[in-house]
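Shown next, in structure tokens, is the structure this report addresses.
The values are calculated or read from the model by the stated rules, or taken from the named source; none is laboratory data. If you're wondering where the values come from, they're calculated on a predicted model, not measured in any experiment. Note that we place each Cβ from the backbone using ideal geometry, even for glycine, and neighbour counts take in every protein chain shown.
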Amino acid sequence: MKVINWILGLLAAAGLAFCGYSFYQYSSFPAESYTRQVETLDKQTGEILENTRQLKEELAARDDAVRSDLRQAGDDGAAAARRLERAQTERDEKRAALDSLTEQIDFMENIYENTLALREDYAKKIRQLEDLIVAGESEAKICYWTLDDGPTYQTQMFLDVAEKYGAFLTFFTSREANLNSRQNDANIEMERDLLRKEAMAGHSIQNHTNSHQYGEYGNLYGRDLNSFREQVELQEKWIYETTGFKPDIFRFPGGSAWAFARIPKDETVAMLKEMGYWWVDWSCNTYDAGPEEQWPDAYSEANYSVTQISSMPIAMILSHDCYMHTLGAIERAIPTLQARGYLFLPLFSQSWTMENTKIIYT
Amino acid sequence: MIRPVKKVIVPVLLLAVLALSVFGAVTFRGRTRQLTEENEALLTAARERQQAAQDEYNAIDPSTVEGAEHQLERERAIVSEALEQAAALEEETLTLNDSISQAEEELSALKEDEDNAYYLAVYESYSKGMEKVEAAIEGN
């Protein structure tokens, strides 16, 4: 029994020692060492990740540099750069060409509205220049050379002269005024073409009544105002249907003095205003019309015109595009007046002259 | 009476001490092993993270073979991207050529229209006149 107890005692002592040793191992486990190692490793990992991030940024910057200059990517890159540049340039040129064409198409699809808008701007610009001239702030001069009673067989020659000198004229048209000059073989198509040519050349086309006291209306002012109005409307309709532009300036056949001696001025002017018209006479009469024996020759008519308006910074000349002597006169007068600083412009209703050219210089 | 009891108690106590000692030793060793495994796992995970980070760095580091290859690949990709872009632009140019042809035909038809041609001539004449007036306003 003792032996057993001794053996058990030894075993128990060994067990206790082993237990103690195990406890010692447990209690002295180097957890902090592990933690430090993990922290160190994580810190190093963090530094590596940061370096990686910086390197990625550098590489991305380099990629961007290569993208912006492909030649940095060697021969292949240089070839790609050339091809890309060529393709880009060609595409941009084509796109610009298409944009331009689209713009032109849009412009052409609205050409009538665009022309009306430009006409409005043009008239305003002329008015601006007139205001400067009147205020003495511009040395420019303006001549509104007006031609009554056309279109006629001679009109084309007047247009040629105007084109030759870059002059713009104003035509106070009357469809029946030139019956004599066309010798009763009315060529409707020719008149239509001439009227459109006048417009195409940038001249102003205005209203001088349909009859101009000829034919049935031998006495335009001898009837009631409605008959007079009818003659204004007939001419307006023809001009509008032919040119696309409604006239808004009226000149009395024979002049306002002649007209107002026969019809009531206030009522007539009110009627014209209600119809959307300004009326105007002239500041210089060339006296190119009248009995044939009194017609001036081209030289004296030109001289007279030039002399008459020489004191006027803004002048309006009365003549007729149905006389060859007037054609000769205008061909002489235009370059002479241009040399003296006159601009030959089309007359629009926005003009200063609408309010101020009621004095007839004869 | 006491002697027989003593005979029994001493071995029983010794056995109990032995059993408790063995139990304690097994328990502490088990806990120690568990702690070791847990901490080794943490350490291994940290090493793996570090290695992964290092591998990632090496993969893009141009000074390494792998990184240099990676850079070359990126350059190739950029060049390829540029070539694709050029091809797309060339394709677009072809499409634009068709559109331009159509637009030219449309514009030509518009200009050939009698009324449009007429108004265009009027417009151009007004433009010429406008230029003269503007020049006069500017004092030229």
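Within segment A:74-85, the set of residues being at the interface with chain B (Cβ under 8 Å from one of its Cβ atoms) and either touching a residue at least 24 places away in the same chain (Cβ under 8 Å) or out of contact with any Leu (no Cβ under 9 Å at 6 or more places or on another chain) (or both) comprises A:G74 only.
When A:I105, A:I126, A:I142 are screened for being facing chain B (nearest Cβ under 9 Å), among the hydrophobic types (A, V, I, L, M, F, W, C), within 30 Å of A:D281 (Cβ to Cβ) and in a helix (DSSP H, G or I), only A:I126 passes. From the list A:A87, A:A12, A:A73, exactly one residue is touching a helix residue (DSSP H, G or I) at 6+ places or on another chain (Cβ under 7 Å) and within 28 Å of B:V26 (Cα to Cα). Which is it? Every option except A:A12 fails the conditions.
When the criteria are applied in full, B:N116 fails the requirement of being at the interface with chain A (Cβ under 8 Å from one of its Cβ atoms) and farther than 19 Å from A:T115 by Cα. Of the residues making up segment A:211-221, none is of a type in the set (A, V, I, L, M, F, W, C) and out of contact with any Pro (no Cβ under 8 Å at 6 or more places or on another chain). The conditions of being in contact with an Asp or Glu (Cβ under 6 Å, 6 or more places away or on another chain) and facing another protein chain (nearest Cβ under 9 Å) are met by A:R91. Looking across A:K125, A:K94, A:K141, one residue alone is at pLDDT 95 or above, in contact with a Ser or Thr (Cβ under 6 Å, 6 or more places away or on another chain) and of a type in the set (K, R). It is A:K94.
On inspection, B:N58 fails the criterion of being of a type in the set (S, T, N, Q) and facing another protein chain (nearest Cβ under 7 Å).
Let's see how each residue does on (1) surrounded by fewer than 19 Cβ atoms within 10 Å (Cβ to Cβ); (2) modelled with pLDDT of 95 or more:
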{"site": "B:E91", "(1), (2)": "yes, yes"}
{"site": "B:E112", "(1), (2)": "yes, yes"}
{"site": "B:A117", "(1), (2)": "yes, yes"}
{"site": "B:L120", "(1), (2)": "no, yes"}
{"site": "B:K132", "(1), (2)": "no, yes"}
{"site": "B:A136", "(1), (2)": "no, yes"}
{"site": "B:G139", "(1), (2)": "yes, no"}
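If you filter segment A:188-218 down to residues that are modelled with pLDDT under 90 and among the hydroxyl-bearing types (S, T, Y), you find that the one that is surrounded by the fewest Cβ atoms within 10 Å (Cβ to Cβ) is A:Y214.
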